[in-house]
Amino acid sequence: MSQKLLLSAKEIDIILHRLACQLIENHTHFKDTVLIGIQPRGAFLANRIKSILIEKYQVQEINLGYLDITFYRDDFRRGEKILEANKTHIDFVVEDKRIVFIDDVLYTGRSIRAALTAMQSFGRPQEIELLTLIDRRFSRHLPIQPNYRGRQVDAINKEKVKVLWTENDNEDAVYLIGS
């Protein structure tokens with residue numbers, strides 16, 4: 001199995017700062033905006049974005065929650081593997097708020113569809129946007145596109161994109177894994 005480095009830790013850091021700036025351009029003070037990290041791997045990205053917004057750009061208050069979509073997926077009971085749910089933590093009102101879903105890789109769009117369904121249990125937001133570190137643009141099954149993207153990747157055939165976070169994997173990197 002071959003492995004190609006797509007993004008180094010330094011490149012990821014640059015992209016995260018750019019994404020934070022784009023959020024500031026569209027949401028300024030974040031008074032009516034909430035960030036929702038899609039569990040499990042979107043939570044790492046959401047935490048990083050929030051930290052950058054607070055520490056580097058002095059955004060005062062940012063609501064950040066985590067959404068588990070395990071039981072909302074359309075492939076929930078299709079495999080032999082027993083799925084293990086993550087924790088949903090949303091301790092603020094989403095009604096009439098602008099939500100930014102945050103996930104590490106946008107692939108088929110099915111995770112985002114599941115997140116949209118899961119979010120209905122929390123209220124009716126004014127608007128939902130999507131921020132993703134990696135956009136695998138040629139593999140979409142649903143008409144879902146990110147509002148904010150770090151990098152577009154054209155992975156073909158059975159290639160996979162793997163995002164590593166220091167908090168979980170002891171390094172920041174994005175790899176393209178071939179078969």
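The values are calculated or read from the model by the stated rules, or taken from the named source; none is laboratory data. In this text the structure is predicted, and so the values were computed from the model without any measurement. As a convention, Cβ positions derive from the backbone with ideal geometry for all residues, glycine included, and neighbour counts pool all protein chains shown. Just so you know, the surface numbers come from the protein's heavy atoms only, side chains and all, with ligands and any DNA or RNA stripped out. Shrake-Rupley method; radii C 1.70, N 1.55, O 1.52, S 1.80 Å.
Just a few scattered comments:
- Candidate aspartates and glutamates - alpha carbon under 13 Å from Lys162, same-chain residues fewer than 8 apart omitted: Asp103, Asp104, Asp135, Glu171, Asp172
- Quotient of Cα Rg and 2.2 N^0.38 Å for the stretch 1-104, N being how many residues it contains: 1.24
- The length gained on full extension between Ser8 and Ile177, counted as 0.36 nm times the residue separation minus their Cα-Cα distance, comes to 59.4 nm.
- When the chain is reduced to its Cα atoms, the Kirkwood hydrodynamic radius in Å: 16.8
- With R₀ set to 25 Å, the beta-carbon distance separating Leu142 from His29 gives a calculated FRET efficiency near 0.20.
- Residue with peak Gaussian network fluctuation, the chain [Cα springs, cutoff 10 Å], from Ile36, Ile14, Ile102: Ile14
- Rounded accessible area per residue of the stretch 11-129, 1.4 Å, Å²: 55
- Once the Kirkwood radius over Cα pairs is known for the stretch 22-69, the Stokes-Einstein relation at 10 °C and 1.306 mPa s delivers a diffusion coefficient of 145 µm²/s.
- Inter-label distance, Lys56 to Lys160: 3.0 nm, where each label sits 7 Å from its Cα along the C-beta direction.
- Within the chain, helix-based [θ] at 222 nm, where runs of 4 or more DSSP H residues each add -39,500 (n - 2.57), nearest 500: -8500 deg cm²/dmol
- Mean sequence separation of contacting Cα pairs (under 8 Å, at least six apart), scaled by the length of the stretch 1-137, corresponds to a relative contact order of 26 percent.
- Added length on full extension, which subtracts the Cα-Cα distance from 0.36 nm per residue, Phe92 to His17: 24.4 nm
- Per-residue packing, averaged as other Cβ atoms within 10 Å, sorts the ranges 37-46, 105-114 into the order 37-46, 105-114, beginning with the highest.
- Carbon plus sulfur fraction of accessible area for the chain, probe 1.4 Å, in percent: 46
- Values of log10 I(q)/I(0), in the order q = 0.14, 0.17, 0.21, 0.23 Å⁻¹, for the stretch 84-174 under a Debye, Cα-only, solvent-free model: -0.60, -0.85, -1.15, -1.25
- Top of Lys97, Lys50, Lys158 by mean-square fluctuation, Gaussian network on the chain, Cα under 10 Å: Lys158
- Cβ-Cβ FRET estimate between Arg151 and Ala85, R0 fixed at 25 Å, reported to 0.05: 0.30
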